[in-house]
Amino acid sequence: MSMTATAGRAHADPHHIGLVIEHPGPAPKRTVTAYGFWVFLLSDIVMFSCFFAAYAVLVNQTADGPKGSEIFEQRNVAIETVCLLLSSFTCGMASIAADVRNRFWFYLGMAVTCVLGLIFLAIEFREFADLVSRGYGPSRSAFLSAFFSLVGCHGLHVSAGVLWLLTMMAQVFAKGFRADVLRRMMCFALFWHALDIIWVGVFSVVYLLGGGA
Amino acid sequence: MQAVPTLEALMLGKLDWSAIPFDQPIPLIAGGVVLVAILAVLIWVVVKGHLPYLWHEWITSVDHKRIGVMYILLASVMLLRGGSDAIMMRIQQAIAYQSQGYLPPEHYNQIFSAHGTIMIFFVAMPFVIGLMNLVVPLQLGVRDVAFPTLNSVGFWLTATGALLVNLSLVIGEFARTGWLAFPPLSELSYSPGVGVDYYAWSLQISGVGTLVAGINLVTTVLKLRTKGMNYLRMPMFCWTTLASNLLIVAAFPILTATLAMLLLDRYLGFHFFTNEAGGNVMMFMNLIWAWGHPEVYILVLPAFGIFSEVVSTFSGKALFGYRSMVLATMAICVISFMVWLHHFFTMGAGPDVNAIFGIASMIIAVPTGVKIYNWLFTMYGGRIRFATPMLWAVGFMVTFIIGGLTGVLVAVPPADFMLHNSMFLVAHFHNVIIGGVLFGAFAGFEYWFPKAFGFRLDERWGKLAFWFTFTGFWITFVPLYAAGMLGMTRRLQHYNVAEWRPWMIVAAIGMAVLSIGVICQIMQLVVSIRNREALRDRTGDPWDGRSLEWATSSPPPVFNFAFHPDVRGEDAYWDMKIAAQQQSLEHDVPEYQDIEMPRNSPTGFVCAFFATIMGFALIWHIWWMVILGGIGAFATFVVFAWRDHDEYVIPAAEVAAIDRVNLEERRSLVSMAGAI
Ligand code: HEM
Ligand SMILES: [Cu+2]
């Protein structure tokens, strides 16, 4: 029938390169979903890079307000970093548990991830609240605007991640390890790890470079 | 500002009766007429009992073909809105010589801002995204896009953006800052009204929609191709789709971030782009153009793809230089990220930087030139049929070359110091955007209409539409080049220079001719729908096409193809036709199988409903409503995630019944062709 009619081998390799690898056809759903989500993460990273760029441009525009070294507390940032890195590990445990359909370890992994995420957010919130109360809010100077936006944007992502995490736990509770739930879990894990990578950038560019000077 | 907000301020934010422009008859009447028209359509739909059909078959549809059609419909309606703005501006400049004309400055400024915003974001973008949605899965030989439900979400969020922009006509005002809202003018201190907020929030919301569409189409092209559809066998339109959507994925987040910074400045007193506290206006220029220049290629690359398909089909030849075309496309994709600075040569970058970006800009013209030559060589020696799509393609080549040349001209920094912000620039980008993107959209519309609806468009009206639009375009825009050379700057509400006057009058006349073209296009649609039985396309291959979309019926069944086609070379369907003739029609009876398709879902529509509420509330500072909208949108996704059945099965017998009808028609065509 017309759909599978062939046109002879000559057309398969019109430029006589000699090697033609036939495309096998549409990829399975899991691959497609993960691939699409990767593309989304890349776009998200582009967005973050704009905030990084803005921070780099504005970092010295303190308008006679505080410089980074005067307001950053390395100890807090260290705790935040430990929390996030640990949470990436526990998130990985939860993913493995989901793959082997082990509910107990899945819930445990996710719960610990959630708690670590919340601790991170609490510390960040306290840092922000403290700065604002001292009169160093984002409208104090362009530097502080860029600082609050970059760090806050990451914080918002983590908050969204926590909401997603809880939704995932509820989904597994209600629906079990269905194929679509597992696909979502895979995307969530990718998301959470990506936030970690971005944090490494925030940590280095904002707190390490800014803390010393 | 009071310390304790009143109840009214809590409930309604900044919204009160003064938001309705009772003192400005033009927007009020225009808005009123549109409102009445919408109401009339709604009432007609409900009374005639079409609502269930619309809901089940269109609004909740996740079929890429339906979504594509809805995108194009949205773009067409918005084209009329943006076109009305254009007519109003042309009339104003024709009469506002040493007088105020009929549009006061604050209104004129809103019109040119709305015109640019609407034409780029709600005409050009949805038109090309619609065509890609409609055609690409068919060309790839697959049954749907990668993420059908997200696809619907993307469309409805775009519609939300369009709705908000149009709402600003009657509730409040639109930005007066131009289509890119440069600070510090767009900052709170210089634009305290809601205009810029309307602008920014509608672009943020529709921007999410565009990003979703981009991710979806990238994944579709890269991961969902039928068997044997190697990269270098994809139709050209798929390649340009890939390039354009890669640009969307890489560039739109920049727009999102930039507008987010502007909004933070406006809503929370940040200092990204303000004059005070260390804000940096040039950062906005860099960021917005780092998105803005790729954006013009996001628009024009799909048009290049359409022309490639059209030129090769109507020349009856394979595309000349297919591989060089692929290379040129990807080269443009990359280089378009390296030229953004040419939009502000005059803003103090210095001669060395300007020189580098000037040269980079001119380099882009090289792959573009490669494409032009490839199209010409495709036509050379071909048996050319000048059907309407081909007319648009040839008209494009002539027009776009001029537009490209003036582009190279303004890419020369010393020249740009003279021409920047002048009417010459306005003429340049209309030359490329109308001559490139819009002509491309029209060519695609004429070319694929039979595929989408099962009948061809009337050729006589189509050709009239082309000639009026083409002539009208030149009469409108050549005068703008001249006026620019005479020193006329863009965005003038009135002027006192006598030499400019005649050119403005000619441009207004051109606009009238162009409008006749648009009317012809509408007539074409009306006449064709009336004569649809006579124009019916029974074989699914009305143009003697070469790629896989012509291998299925018109309109295609929901599942597109009963079998995933097996591709063995470029121009897959052309090869199949030849092979079918050679094999003298010995067909085995195919074994049909059940097909699983994604179920419809109101997720997109409901989500956009909440996004509209949220956007409106954000614009007017109605915070409780913002929270409500946010919760609603989240809940929508949770409900969607809780679904137990996301697919339904079309039984083999039904697939067979649908497919056989088309197979019969097609065989009779092939045997006829074989007889000749
Ligand atoms: C041959 C390739 C092209 C070159 C070298 C080129 C060059 C330029 C330059 C230098 C400017 C800025 C001039 C100024 O502001 O003084 C400009 C503006 C513009 N170009 Fe092009 N261009 C090219 C193709 C295109 C294409 C294909 C499109 C759209 C499909 C396009 C759309 C625009 C728009 C919209 C603007 C004005 C934006 C604004 O200021 O509002 N250009 N072009
Ligand atoms: Cu440009």
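Of the set (1) part of a helix (DSSP H, G or I); (2) touching a helix residue (DSSP H, G or I) at 6+ places or on another chain (Cβ under 8 Å); (3) open to solvent by 30 Å² or more (accessible area, probe 1.4 Å); (4) not β-branched (Val, Ile, Thr), all apply to B:Gln524 but (3).
Of the residues B:Ile38, B:Ile43, B:Ile26, which is among the aliphatic types (A, V, I, L, M), part of a helix (DSSP H, G or I) and open to solvent by less than 70 Å² (accessible area, probe 1.4 Å)?
The unique qualifying residue is B:Ile26.
Of all residues in region B:399-448, those being free of Cβ contacts under 8 Å to residues at least 24 places away in the same chain and away from ligand 1 (no atom under 11 Å from the Cβ) number 1. Name every residue in region B:493-505 that is surrounded by fewer than 18 Cβ atoms within 10 Å (Cβ to Cβ) and among the hydrophobic types (A, V, I, L, M, F, W, C), in order of residue number. The answer is B:Val497, B:Ala498, B:Ile505. Identification of helices (runs of 4 or more DSSP H) wholly contained in region A:28-99 with 2 or more residues that are more than 20 Å from B:Ala146 (Cβ to Cβ) and within 8 Å of chain B (Cβ to nearest Cβ) yields A:29-58.
Listed conditions (1) over 30 Å from B:Val135 (Cβ atoms); (2) of a type outside the set (Asp, Glu); (3) modelled with pLDDT of 85 or more are all met by B:Arg66, apart from (1). Looking only at region B:325-334, decide whether some residue is of a type in the set (A, V, I, L, M, F, W, C) and within 14 Å of ligand 2 (Cβ to nearest atom). Yes: one or more hits. Number of residues in region B:327-346 that are away from ligand 1 (no atom under 16 Å from the Cβ) and buried (at least 19 other Cβ atoms within 10 Å of the Cβ) equals 0.
Against the numbered list (1) within 17 Å of B:Pro294 (Cα to Cα); (2) surrounded by 16 or more Cβ atoms within 10 Å (Cβ to Cβ), B:Ala349 comes up short only at (1).
Of all residues in region B:492-518, those that are in contact (Cβ under 8 Å) with a residue 24 or more places away in the chain and closer than 22 Å to B:Thr471 by Cβ total 16. Among the numbered conditions (1) in contact with a Leu (Cβ under 7 Å, 6 or more places away or on another chain); (2) in a helix (DSSP H, G or I); (3) over 27 Å from B:Ile631 (Cα atoms), the only one that A:Ala194 does not meet is (3).
With respect to the conditions (1) within 12 Å of ligand 1 (Cβ to nearest atom); (2) open to solvent by less than 30 Å² (accessible area, probe 1.4 Å), B:Val296 falls short on a single one, namely (2). In region B:1-23, what residues are surrounded by 14 or more Cβ atoms within 10 Å (Cβ to Cβ) and free of Cβ contacts under 8 Å to residues at least 24 places away in the same chain? Scanning region B:1-23 gives a single hit, B:Ala9. Against the conditions (1) modelled with pLDDT under 90; (2) closer than 30 Å to B:Gly101 by Cα, B:Ala551 satisfies every one except (2).
Do we have A:Ser149 as within 13 Å of chain B (Cβ to nearest Cβ), open to solvent by less than 40 Å² (accessible area, probe 1.4 Å) and either in a helix (DSSP H, G or I) or hydroxyl-bearing (Ser, Thr, Tyr) (or both) here? It is true that A:Ser149 is within 13 Å of chain B (Cβ to nearest Cβ), open to solvent by less than 40 Å² (accessible area, probe 1.4 Å) and either in a helix (DSSP H, G or I) or hydroxyl-bearing (Ser, Thr, Tyr) (or both). The residue that is farthest from ligand 2 (Cβ to nearest atom), among those in region B:400-409 that are open to solvent by 20 Å² or more (accessible area, probe 1.4 Å) and under 12 Å from B:Met362 (Cβ atoms), is B:Leu405.
Would you mind stating whether A:His23 is more than 8 Å from chain B (Cβ to nearest Cβ) and at pLDDT below 85? No.
Would it be correct to say that B:Phe377 is surrounded by fewer than 23 Cβ atoms within 10 Å (Cβ to Cβ), away from ligand 1 (no atom under 16 Å from the Cβ), more than 22 Å from B:Val136 (Cα to Cα) and away from every other protein chain (no Cβ under 14 Å)? Before you say what the answer is, go through the steps one by one.
Values: surrounded by fewer than 23 Cβ atoms within 10 Å (Cβ to Cβ): yes; away from ligand 1 (no atom under 16 Å from the Cβ): yes; more than 22 Å from B:Val136 (Cα to Cα): yes; away from every other protein chain (no Cβ under 14 Å): yes.
So B:Phe377 fits the description; yes.
Restricted to region B:539-649, the set of helices (runs of 4 or more DSSP H) holding at least 3 residues that are more than 10 Å from every other protein chain (Cβ to nearest Cβ), buried (at least 17 other Cβ atoms within 10 Å of the Cβ) and of a type in the set (Gly, Ala, Ser) comprises B:603-620.
Residues are listed down the side, and each one gets a yes or a no for (1) surrounded by 15 or more Cβ atoms within 10 Å (Cβ to Cβ); (2) free of Cβ contacts under 8 Å to residues at least 12 places away in the same chain; (3) small (Gly, Ala, Ser):
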| residue | (1), (2), (3) |
| --- | --- |
| A:Asn60 | no, no, no |
| A:Glu70 | no, yes, no |
| A:Asn76 | yes, no, no |
| A:Cys91 | yes, no, no |
| A:Ala94 | yes, no, yes |
| A:Asp99 | no, no, no |
| A:Arg103 | no, no, no |
| A:Met110 | yes, no, no |
| A:Gly117 | yes, no, yes |
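Taking region B:194-235 as the range and being among the hydroxyl-bearing types (Ser, Thr, Tyr) and in a loop (DSSP other than H, G, I, E, B) as the test, only B:Thr226 passes.
On inspection, B:Glu309 does not qualify as among the charged types (D, E, K, R), surrounded by 18 or more Cβ atoms within 10 Å (Cβ to Cβ) and within 16 Å of ligand 2 (Cβ to nearest atom).
Per-residue answers, yes or no, for (1) within 18 Å of the chain's Cα centre (by Cα); (2) more than 22 Å from B:Ile363 (Cα to Cα):
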residue: B:Ala411; (1), (2): no, no
residue: B:Ser422; (1), (2): no, yes
residue: B:Phe429; (1), (2): yes, no
residue: B:Ile433; (1), (2): yes, no
residue: B:Ala441; (1), (2): yes, yes
residue: B:Phe445; (1), (2): yes, yes
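The values are calculated or read from the model by the stated rules, or taken from the named source; none is laboratory data. Values in this document were obtained by computation on a predicted structure and should not be read as measured data. So basically every Cβ, Gly included, is an ideal-geometry build from the backbone, and we count neighbours across all protein chains shown. When the accessible area is computed, the model is the full protein with side chains, heavy atoms only, and any ligands, DNA or RNA have been set aside. Shrake-Rupley method; radii C 1.70, N 1.55, O 1.52, S 1.80 Å.
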